[in-house]
Each structure stands twice: as C-alpha cells, then as structure tokens.
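Here the structure is laid out as structure tokens; the discussion comes afterwards.
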Amino acid sequence: MRRRLVPAALLLPLALLLTACGGSPAARSSSDTDGRGSLTLNVGDQKGGSEAVLRAAGELKNLDYRIKWSTFTSGPPLLEAVNAGAVDIGGVGNTPPVFAAGADSKITVVAAWHGTSKGDAILVPEGSPLKEPGQLKGRSVAVAQGSSAHYQLVASLRKAGLGLGDVRVKYLQPADVLAAFTSGQVDAWAVWDPYTSQVLRAKQGRVLTTGEGVTNGLTFQVAAPSALKDRRKAAAIEDYLERLRRADDWVHGHQREWARVWTEETGLPYEVALAAVGRSYASRVPVAVDAPLIASEQEIADTFTALRLIPRKVDFARFADPAFNGSLPPSTTAPRTSWGGKIHGLGAVSRSVNNIEVVVIGAGQAGLAGAYHLRRTGFEPERDFVVLDHSPGPGGAWQFRWPSLTYGKVHGMHALPGMELTGADPARPSAEVIAEYFDTYERTFDLRVRRPVDVRAVREGTDGRLLVETSAGVWSTRALINATGTWDRPFWPRYPGQETFRGRQLHTAQYPGPEEFAGLRVVVVGGGASGTQHLLEIAPFAAATTWVTRRPPVFREGPFDEEAGRAAVALVEERVRRGLPPKSVVSVTGLPLNDAVRQGIADGVLDRRPMFDRITPDGVAWDDGRRVDADVILWATGFRAAVDHLAPLRLREPGGGIRVEGTRAVADPRVHLVGYGPSASTIGANRAGRAAVRDIRRLLAGEPVAA
C-alpha cells in the first residue's frame, strides 16, 4: 500500500530556504531593517537563513549600522544581486560561487563554515531496487542545476566509476521533484537538507549515498567588491560576520530552540526542522578562507568546466579574500560534534598585546638582512624589534630543499650583509650549508629570532599602529618588514582534465629527489632552473622524461655575477611599481648554460616541447593529436608571494599585486615588503633590507619618506 504523499505545497516554501539551491531567479526584496545609524548594509538572505538565526540568538541587538534584508529563493540569484552591487553580502553554498566565478561576476568569498555533508544525499524511493551508486547507470536522476547537490551527484558518480553521461539527468527544482520521485518518474533525487529530512521523516524514500567524503561541506558568505572597498561597509561586514559566527555557536547549544524558530519561519513541521538542524546545521564551524578551501572549490570549478557546464576556466583564488579570517581555524577543521568552545574570530583576540617599534616577519635571507640593518642602526632585539619566523629552525626556505640540490648547484647565492659564506663544500646539500650559515649569522648578531611562530593576520590597530596577530601572541607595532617570501605558496597551473589523471602530481615544493622516479614516465612542466635541474637528475632513473614549457627556454652564457643580478632586479621593478603581480627575478635571468645543461641538451633530455592543451587519465595531450603517456606530472612552475596575512590592510591593487616603491607599500608607508618582486633574490634581498630600515627610521622619526 502506497503511503500518503507529503503535499507538494509543503515543499514550496522550502525553495526559499537554503544556500545550496540553484536555478530559479526569483527574489523577494524586503523593507525589513534592523539597527540604527547612517550606514546601511544590504544583506541577501534566504527564508529561515541568516536573519532568522541572528534574531533567535539575540545578535541583532545594539547594531550601530542598519541592515536592510532582501530574501532570495536560492544562491544563484542572490549572487546576481551581489554582482550588480544591489546586495553587499549574502550566504550561499559551495557551488553557486563557482558558477558565478565562471561568469566572471563581481563577487568575493569572505567567510566560510565547514559542516558535515550527511544531509546532502542521493535519495531513492523506498521500493527501489537500487542499493549502491554504481547501479545508477542508465537511470534518471533529478537535481537542481548549479546547486551543491549537482556537484555531489557528479562526485558520487565519479567515486562509483561513472560519469554524468552515464545517467539521465533531469534538471528540476526541489518543489517540482517530489511527485515525480514518489511516482517513479525519476529513479533518484540528489538533494540537501531539509528536503532529505522531510523525505526520510515521511518514509517516502531512503538514502542511497550521502555527500560525506565526496563534497567539502562548505558554505559561504559572499560580498560585493565595491562594499569591501568602502571602509565603513567593510567594518560593518566584519561585525556582521562575527555576529553570524556567535549565532552559529548559539545554534550548537540550542538546537531545539532553533528548530522551533525555523518552523515558525518556514512552515516546516517541527520534527523535520529538528532533524535537519541536528543532521546538518548544528555541525557547522566557522573556518578560515585559506589555500585548502580555495583548492577544494577550484576542484569543483574544474569539474564543471570539464563537463562544459561552465564556459571558461576559473581561477577561484581571484574570488576569495582571507581578510576577515582573524584567528579562525583552518578550513580543514572537522565539523562540530560536542564542540562548544568560544569563537575566536575577528575582534575576539583576548591575549595581551606586546608593544614594539618594528616587527619583522620571516627569517630567510630578506628578513635577516632587515634585522641586521635594524641592529646595526641602534635597534635592540626584543626591546625595539622582534623577528617572527614560522619555520622550525634557521635556514629560511632553504631548509626545505631536496637533498640532491647541493650547494654547488645553487642558482646564485649571495652572502648576508656583514658575514661572508666561505669554505662551503659544493657537494653538500644546500639545505645543510645554508641552515648552518643562517644559524651562525643569527647567533653572531644576536637577532633572537622567535620560532616557530605563525603570523595569522596584520590589521589596523589603534593610534596609527598595526596589530600583528600570531600563534604566539599579538604585537602592536609602528612599522612592519614583511619578508615571508614565496615558498609557502607553490603555484599549480590548472589544465582541462587535470582531475582525471590517474598518476601522481606533485610540485617542486614536494620534490623528494630523483630516486623516487625510478622506472616511471615523468612529464616535467616549467622552464626555470628547478625544472632543468629536476630533469637532469631524474633522467638517469626514469623510464622516460618529457619537458614542456609555455615559452621556449632562454639559455644564458657566462657567469651570473652581481652586475647581472642587479640588471635582473631592475627588470622586475616596473611590474610592482604598477601594482601587478611580481615575476620572479630568476624568470628574467635565463638558464645558465653550464656543462651539465649542455650535456642534457646533447642527450635530448632538455628537448623542450610546447605546453600541452589538456591532461588525460594516462598522460598529456595536444590539440594536434600528439600524446605522451605519463605516470608522474612534476610541476616546476614556481611560487607566488605569501602575503595573505596582509589582506586585512587591503594593499592589493586592481591589477592583483601590491604596488611598491622601493620596498614601501604605496598604500601604507608603515609596511615594507622585502623579498617581494625585485627583492625576491639573494642580492635583491640584501639591498632591500637596508633600504627598508632607512625608510623606517625616517618614518619613526617623523621625517618625510622619499617616494
């Protein structure tokens, strides 16, 4: 006997609920406002969403700005409003931002929450013979296009060895699915809570699989770039996000109260609301917008691009901003179970503040050069300046280099100021040689480097000072030397089909040495010094090597002396003056044509091919039909500046870089970037450290700083 269907009308309000939805462009503007003051923050919401939880948790009290709410039926139209500048900020799930980025919309992900994916499910009718996702082949599956369920379906099929083309997809909104689902017109339904809870509660279906293990469980607050550029609105957004985080903490400890409010807001039965809250919403923990999060969203974008559901390649990092992270945990933090700790978000740092004149972040060549010149000109370590380094020991990024990179192979290493590096054995690993040299240097000049210390954010403080928030406390400083280099931000290019490759992909930062590639077919991507060194090392061990680069390599005759280094530095300066992302100095020096490189060319190891057009499951391919089978793709594609912790200061220009004159950030003369752009080399770092200290001394003395 067929059980009574849940009335379809009951599902209609649910289309207004959740951030995961996609499809319908309908939206409802609201004249509801909260707060007081001359500033209005336009907030996009969905029924039973942010407004409801803030009100239930008492977080809409004592606002010194006004919130004007607008209610949308789903994430995509909300992001259309953000793109148009009609909404300053609003909440969506993990997939709508990817489609918005694919349309090059003006959006910025500014906050994230990580929860379980248990409420994201592929449901089948109770009487269905299907027992596992692999049996969906040839079956019909309903899903809302562009929703988080859309990606969950793709990922679940992929895990089962199927593709989207192996099922008959029916793009339907949830309100249109129930009758078709229960009458057998569709074989399965990919959906999210509270629909999942409602169907299970009514015993109209069962779970075939959930999103656990295949989706990232992330939800977002997405802001308009124009609002972020407005200092007053940016401050209001910061406060708004902190209130949301406290409200979510309240939900975790008051699930029944929240379910009752949700029932009043949506018309859902209390039992359904309570099940959805317990399954999905009470598990969410606020997390940082960080590199793993961006990589996870990039995977979603690449998946939909490969399926040709997004018309263009997406660089998701362009659409995310970590400025509002504060001291939030990383995005990989597990969802909450009985977690009941305080939210340590923006403005919630309660540790004592250490006052100092100058903070130096980083103790590589650039940071030590800056510290040396501070010491030399009368600044005392710990009293006047402090050096913070996240590495476990001396040596900067050199300590992480692979053992086969001996000191004799180093591409131009210049001594630190005040102490020559002499008598080093060229056959020893550079990691050992330089770590010992840096260690001796720090002790000789009594620089008192604090490590390991992770710098989480640098933001505006009071009385014209900067606040440096770290794992070891907070420093209030008058000036900052940022010398964080690039090693922590390896650059991974994206190519069609990358996620389908069945072999191993790794970056130079993970290079283990040539022995790991014995008997394997290796494609090395990149035309820099690392790429050629990797090839020359790997070739004697590998079954085959292939070298691909975007541009033909340029080989340089003769020694790389100080004069050549200065000329290379000058070539990079113009980009940072214009606020463009810096190129590495090494990229403009050319490759040294030494005996090993000559032999590699003669042996055919350094036989460069143009960049492939796509990656296949078994290797790489070009549009002209050429293919190369591979077991490993080694990306020797360089690094990007590790400056995410400076994001709260909003130093980036529209071109994507930080505009720098000398070492001084044009947007904030208190901040000096050493080891950035033209000073991202051993010779450039030494000169830049001296120049930064000269300007900082003038700044602290109240003297004009030369442009």
Original post:
Taking the range 479-503 on its own, how many of its residues are modelled with pLDDT under 90 and either in a strand (DSSP E or B) or more than 25 Å from the chain's Cα centre (by Cα) (or both)?
Top reply: 1
Subject >> Subset of the range 120-160 [in contact with a Phe, Trp or Tyr (Cβ under 6 Å, 6 or more places away or on another chain) and either assigned to a loop (DSSP other than H, G, I, E, B) or over 30 Å from Val87 (Cβ atoms) (or both)] >> reply: Asp120, Leu123, Gln145, Gly146
**OP:** Write out, first by first residue and then by second, each pair whose Cβ atoms fall under 6 Å of each other, whose residues are 6+ apart or on separate chains, and whose first residue, in the range 430-456, is in the same structural domain as Glu469 (by TED's automatic domain parsing) and surrounded by 18 or more Cβ atoms within 10 Å (Cβ to Cβ) while the second is among the charged types (D, E, K, R) and not in a helix (DSSP H, G or I).
**Re:** Ser430/Arg401; Ala431/Arg401; Val449/Asp389; Arg456/Glu469
Subject >> Single residue of Phe555, Phe560, Phe541 found to be assigned by TED's automatic domain parsing to the domain that holds Arg627 and modelled with pLDDT under 70 >> reply: Phe560
Original post:
Do we find a residue being more than 28 Å from the chain's Cα centre (by Cα) and assigned to a helix (DSSP H, G or I) anywhere in the range 215-225?
Top reply: no
Original post:
Here are some residues: Val272, Val261, Val277, Val287. Which one is over 27 Å from the mean Cα position of the chain (by Cα), crowded, with 18+ Cβ neighbours inside 10 Å and modelled with pLDDT of 75 or more?
Top reply: Val261
Subject >> Enumeration of residues in the range 457-495 that are of a type in the set (D, E, K, R) and in contact (Cβ under 8 Å) with a residue 12 or more places away in the chain >> reply: Arg459, Glu460, Arg465, Glu469, Arg478, Asp488, Arg489, Arg494
Original post:
What number of residues within the range 372-415 are farther than 21 Å from Asp488 by Cβ and either in a loop (DSSP other than H, G, I, E, B) or not assigned by TED's automatic domain parsing to the domain that holds Val359 (or both)?
Top reply: 11
Subject >> the range 615-646 - residue that is within 30 Å of Val455 (Cα to Cα) and charged (D, E, K, R) and, of those, surrounded by the fewest Cβ atoms within 10 Å (Cβ to Cβ) >> reply: Arg640
Original post:
Since Phe612 meets every condition but one in (1) touching a Pro at 6+ places or on another chain (Cβ under 9 Å); (2) buried (at least 21 other Cβ atoms within 10 Å of the Cβ); (3) hydrophobic (A, V, I, L, M, F, W, C); (4) at pLDDT 75 or above, which condition does it not meet?
Top reply: (1)
Subject >> Residue match in the range 21-37 (condition: modelled with pLDDT of 85 or more, of a type in the set (Asp, Glu) and either in contact with a helix residue (DSSP H, G or I) (Cβ under 7 Å, 6 or more places away or on another chain) or at negative phi (or both)) >> reply: no
Original post:
Which condition breaks for Gln173 when tested against (1) within 24 Å of Leu218 (Cβ to Cβ); (2) at pLDDT 90 or above?
Top reply: (2)
**OP:** Could you tell me whether the range 293-306 includes any residue that is at pLDDT 75 or above, under 25 Å from the mean Cα position of the chain (by Cα), within 28 Å of Ile481 (Cβ to Cβ) and of a type outside the set (Phe, Trp, Tyr)?
**Re:** yes
**OP:** Select from the range 54-70 the residues that are touching a Leu at 6+ places or on another chain (Cβ under 7 Å) and surrounded by 20 or more Cβ atoms within 10 Å (Cβ to Cβ) and write down the one among them that is nearest to Phe220 (Cα to Cα).
**Re:** Leu54
Original post:
Before we move on, is Arg168 of a type in the set (Lys, Arg) and modelled with pLDDT of 90 or more?
Top reply: yes
Original post:
Residues in the range 651-677 that are in contact (Cβ under 8 Å) with a residue 40 or more places away in the chain and of a type in the set (Asp, Glu): how many?
Top reply: 2
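The values are calculated or read from the model by the stated rules, or taken from the named source; none is laboratory data. Computed from a predicted model, the values in this text were never measured in an experiment. Neighbour counts run over all protein chains shown; Cβ positions are idealised from the backbone, glycine included.
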